[in-house]
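A quick write-up on the structure given underneath.
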Amino acid sequence: MKNFLGLLNEKNRQFMLPIYFMRRFGIGKSQMKILKTFLQAGFFEETSDQVSLEAAIRWLISAHRACKGRGISAKFSMSQGWDVAYPETSGYILVTLQTYGELFNKPDLFERAAEIGNWEIDIQTDTGGILSTPQSEKTRIFNTGQVILGWCHLYEKTGNTKYLAAAVKAAEYLRAKQEKDGSWIQDTFCGPRTYHARVDWSLLRVAQLSGQKEFIETAFNNLNWVILNQNNNGWFNNCGFGNELPNMHVISYTLRGLLECDRLNRMFKLEEISTLNLTSRVRKATNELCDTAERQLLFGIPGMLPTSYDKNWLSKDKHACLTGNAQFACLLYHLNQVVPNEGYTRVADTIMEAIKRTQIKFCEFPEINGAIAGSYPFYSGYLNRAFPNWATKFFIDGLIMKNQSNEDFSIPA
């Protein structure tokens, strides 16, 4: 019955897509070409990495303009249009904008990054936490950690202490909310989760820049909780949203958080973090996913990983989470810097090529041109019929990492 209802919902989403699409963009030759590609789960024209990269950056700028230059719109939805500015992802997207601006001599992107960081300070609560949305009254642990990463980056690049002060205040909030077992239950989306490893990364960044070592203890306590949730084959319990199986989005969040914590610990050289063997744990899960990337191809498409996995690293999904796939490619590029492995870069390159083929280029609609959708096919799966800003952010990061010759290069968010 559940599978039947799921099939009905998918057919309904597919049926409604043309209505939403034509209501947004009208009827014309280019519109029908795009819509046909969406409905048939087809691909768009292939381009160079640079063309794809520039188109994606232009889309992020459009998403920033949609919110009148404050934060970045959470997503463009076929049914709802531009969403409100999203504090969590705006916090780490500013790092991508600043990095791209530095690499390609685009100083206007420095200004956009600072504008976003200043907006995050404006909406920071008295407790130090970051709201789920500007209209919400609820602060969130994970969201706060992601904004900290942006503030830390701005402090390093500008030397302006207001960013570090905001990051420290936010880290104090995280410390105050932590449970005795190291997890976070309060102010979370669905309870304690292993993807809070990315919050640990932000805590270690604040400790690195401020010298306040109590934040290292907070990070360690949660890292210890996270690894207790890893099974022998690398799969994580308490990783998915609620009772759902973990998708590539949250799996990649977890793995990237653990890897970056281990990389930062090279500076701290703390025995307690070293004994957690974080990079080895990341590799255990990553190697399984690399195997499945060649074994469980969605629709037989190289580089197109299915959305979620059970405890045996098997998937029954008929859709892909493009956001999570892009994140996983970024993880592989970073992991290859630590533990060189041609297999990691090969899988990452294949994933990025698959995602590139889903990107619309050369169309006249800035709401979708250059963006990466939440899912493939467009009408099914994670944030279907929409373009979340974080999907495009991680796609940009992946393309930059793919084409960087500097072996120590990193996008720290």
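The numbers here are math on the coordinates, done by the rules we state, and not lab data. The structure presented is a predicted model; accordingly, all values stated were derived computationally and were not measured. Methodologically, a virtual Cβ is constructed for each residue, glycine included, from the backbone with ideal geometry; neighbour enumeration extends over all protein chains shown.
For K213, which lysines qualify as cross-link partners when the Cα separation must be under 24 Å and same-chain residues fewer than eight apart are set aside?
Partners within reach: K157, K162, K169, K177, K180, K269.
Explain nothing, just compute: Karplus ³J(HN,Hα) = 6.51 cos²θ - 1.76 cosθ + 1.60, θ = phi - 60°, for every residue of the range 85-93 in order, whole Hz, x for Gly and Pro.
Listing the rounded values in order: 4, 10, x, 4, 7, 4, x, 9, 5 Hz.
Measure out, as a whole number of angstrom, how far apart the alpha-carbon centroids of the range 386-413 and the range 275-314 sit.
Using only Cα atoms, the two centres lie 20 Å from each other.
Lys and Arg at +1, Asp and Glu at -1: add these up for the other residues within a Cβ distance under 13 Å of E45 and post the number.
Residues close to E45 contribute a combined charge of +3.
Specify which residue in the list C321, N233, Q50 is farthest towards the positive end of the charge dipole of the range 44-402, using unit charges on the beta carbon of Lys, Arg (+1) and Asp, Glu (-1), about the Cα centre.
N233
Provide, for the range 1-128, the number of lysine pairs with alpha carbons under 29 Å apart, each pair being eight or more places apart or on different chains.
Qualifying lysine pairs in the range 1-128: 12.
Going by amide H atoms built from the backbone, whose H comes under 5 Å of the H on I130, apart from near neighbours?
Sorted by chain and number, the residues that satisfy this are R140, T144.
Quick one: which residues, 5 or more positions from Y309 or on another chain, have an amide H under 5 Å from its amide H? H modelled 1.01 Å from N in the peptide plane, none for Pro or chain starts.
Close amide H contacts, sequence-distant or interchain: none at all.
First check a/c for the range 75-126, with a ≥ b ≥ c the square roots of the eigenvalues of its C-alpha gyration tensor; if it is under 1.5, answer rounded, and if not, answer prolate when a/b is larger than b/c or oblate otherwise.
Verdict is oblate for the range 75-126.
If we restrict to alpha carbons, what Rg and Dmax does the range 1-109 come to, in Å?
17.4, 56
Identify all aspartates and glutamates with a Cα-Cα distance to K318 below 13 Å; exclude those on the same chain that are fewer than 8 residues away in sequence.
Partners within reach: E10.
By how many degrees, 0 to 90 and rounded to 10, does the Cα axis of helix 389-402 deviate from the longest principal axis of the chain?
80
Could you tell me what % of all Cα pairs in the range 348-413 have separations over 16 Å? Could the numbers behind the result be given before it?
Details: 1110 of 2145 pairs.
Considering the range 348-413, 52 percent of its Cα-Cα pairs are separated by more than 16 Å.
If amide hydrogens are placed 1.01 Å from N in the peptide plane, which non-local residues have theirs closer than 5 Å to the one on V84?
Amide H neighbours of V84: A74.
I need the phi-derived Karplus couplings for the range 378-383: 6.51 cos²θ - 1.76 cosθ + 1.60, θ = phi - 60°, integer Hz, Gly and Pro marked x.
4, 8, 9, x, 5, 6
What is the dipole size for the chain, taken about its Cα centre, with +1 at each Lys and Arg Cβ and -1 at each Asp and Glu Cβ, in debye to the nearest 20?
1060
Relative contact order for the chain: what is it in percent, counting Cα pairs under 8 Å that are at least 6 residues apart? Before the final figure, lay out each step's value.
Working: 736 pairs, mean separation 76.9, N = 413.
So the answer I get is 19 percent.
Using θ = phi - 60° and the Karplus form 6.51 cos²θ - 1.76 cosθ + 1.60, what ³J(HN,Hα) does each residue of the range 120-130 get, whole Hz, x for Gly and Pro?
Ordered by residue, 3J(HN,Hα) equals 4, 5, 4, 9, 5, 7, 4, 6, x, x, 10 Hz.
Taking a ≥ b ≥ c as the square roots of the Cα gyration tensor eigenvalues, with a/c under 1.5 meaning rounded and otherwise prolate when a/b beats b/c, else oblate, which class fits the range 125-198? Each step should come with its number before you reach the end.
On the way: a/c = 2.00, a/b = 1.61, b/c = 1.24.
Since a/c reaches 1.5 and a/b is larger than b/c, the shape of the range 125-198 is classed as prolate.
Among the GluC sites (Glu not before Pro) within the range 93-146, which fall in a DSSP loop and have no more than 14 other Cβ atoms within 10 Å of their own Cβ?
E137
Considering only I61, A85, C261, whose Cα is most displaced toward the positive end of the charge dipole of the range 44-402, charges sitting on Cβ of Lys, Arg (+1) and Asp, Glu (-1)?
Toward the positive end, the furthest listed residue is C261.
Just to confirm my numbers, what's the Cα centroid distance between the range 90-137 and the range 48-70 in Å?
15
Loop-only check: which trypsin sites (Lys or Arg not before Pro) in the range 41-134 are DSSP coil with at most 15 other Cβ within 10 angstrom? Before the final figure, lay out the partial values.
Details: sites: R58, R65, K68, R70, K75, R112; in loops: K68, R70.
In loop regions of the range 41-134 (DSSP not H, G, I, E or B), the sparsely surrounded trypsin sites (Lys or Arg not before Pro) are K68.
Suppose only helical runs count, i.e. DSSP H with n ≥ 4. What mean residue ellipticity at 222 nm does that imply for the chain under -39500 (n - 2.57) per run, divided by all residues and rounded to the nearest 500 deg cm²/dmol?
Calculated from helices alone, the mean residue ellipticity at 222 nm is -19000 deg cm²/dmol.
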